[in-house]
Amino acid sequence: MKLTRTLSAPLAAALGTAFLALSVLVAAPAGAQPADAVLRDFIPSGDYIVKIDGVEAPKAELYQSSQAPAFLIVANELSSPTLILPREQAVQTVSFMKLSKRADGNLDILADAQLTPAGSFRLEGRDVAFTIDGKEVSLVERPYLLGEQDLQGMLDYSPAYRRGADDYDPEAAAVKAIRSAGEPVRVRVYFGSWCGFCKQYVPRMLAVAQQLEGDVDFEFYGLPNGFGDEPAASRDEIDSVPTGIVYVDGKEVGRLNARDWESPEGTLRNLVTGS
C-alpha cells in the first residue's frame, strides 16, 4: 500500500541506549502487556526513503502496519519512535519502551502506550514531510527499479523483497530437478517495483534464484509503470508483470504468467524438464 494512495482514498537524540532497550525487549519473553488491538503488526517497509534535514538516514527503520493505516519511523536522529497516521493526517510519538519487537522482525505497540501528539504532516508532491524535534523529516518515495538487475541488487532494494525471499521455502524436489537439467537454463523475469502483485510474488522467485545460484542464470528486469512500448518489453512481447521467460539451451520453452507465481519453482521445473 502506498501512503499517497491511502491519503487520497481516504533516541536517542538520545542515545543508542534506546536501540539497546529494544534489543532487550526482543530477547525478553512476552510481558504482561499485550499489543495494542490496532497499532500492531508493523512490517518493515521499503516503499520510502527516510530523510532528516534533507539527508538520507540510512539506519532509519520504516515500518507499515498491516492492521491499520499507520507508519512508524525508528531513527537514531529522533528522540522517540514516530507514528504517521494518514487517516487523521497526524504525527504522534510513542515511548521506545512501549514497542515490542517480535521474533519475525515485526513491531507491536503495547496496549498501555501513551501516544503524544506532535503536529501534522504535509504532502509535497508524492512525498510526506513534517517537523519534529526541530528537524525536518520527509518520506521520499523510493525510485523504481528500472532495467537490468541482479539477484543481490533485488534483495538490497527493499526490506519487503528480502523478507519475502526469506519467508518462502521452495519445494526441494523441484529445485533438485531444475538443478539436474542437462542443458543450460536461463530465466528472465520482467517485474515492476511499483506493482503490488510483484511485491508479493517476485520474492518467491528470488528465493528460488538463491537456491539455484550457479546452476541457473537468473535475470531481472524492472519496467516503469505503464511500460507501454519500453524497448525490452516490446522485444519480448511483455504485456503484464510479473512475467518470467524460461530458456533452455538458448531457446524459449515457456513463460510464467499470473497463475504460475504461487509456486514458481514448480512451473520452472515443468518447463525445464518438459513434464
Packing-ranked peptide list from 186-198, 256-268, 223-235, highest mean Cβ count within 10 angstrom first, is 186-198, 256-268, 223-235
For Phe218, residues with placed amide H under 5 Å, excluding near neighbours: Val187
Gain on full stretching of the segment that runs from Arg186 to Asn257 - 0.36 nm per residue minus C-alpha separation: 23.9 nm
Mean separation of Cα pairs under 8 Å and 6+ residues apart, divided by the residue count of region 147-273: what relative contact order is that in percent? 34
Calculated from backbone phi, Karplus (6.51, -1.76, 1.60) coupling profile of region 134-150 in Hz, x at Gly/Pro: x, 10, 8, 10, 9, 9, 9, 4, 5, x, 5, 7, 10, x, 5, 9, 9
Can you tally the net charge around Ala70? Count Lys and Arg as +1, Asp and Glu as -1, for every other residue whose Cβ sits under 13 Å from the Cβ of Ala70. -2
Search the structure for amide H atoms under 5 Å from the amide H of Ala118, placed 1.01 Å from N in the peptide plane, and list their residues when 5 or more places away or on another chain. Val91, Gln92, Thr93
Calculate, in nm to one decimal, what Val38 and Gln67 gain on full extension: separation in residues at 0.36 nm each, minus their alpha carbon distance. 9.8 nm
Using the Karplus curve 6.51 cos²θ - 1.76 cosθ + 1.60 with θ = phi - 60°, what ³J(HN,Hα) values do you get for each residue of region 80-85, in whole Hz, with x for Gly and Pro? 8, x, 10, 9, 10, 10
Given R₀ = 30 Å, what would the calculated FRET efficiency be for Glu237 paired with Ala173, taking r from the Cβ atoms and rounding to 0.05? 0.40
Between Val55 and Asp217, what is the label-point separation in nm under the 7 Å Cα-to-beta-carbon projection? 4.3
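No value in this document is a laboratory result; all are computed from the given coordinates. Computed from a predicted structure; not experimentally measured. Using ideal geometry, Cβ is built from the backbone for each residue, glycine included, and neighbour counts are taken over all protein chains shown.
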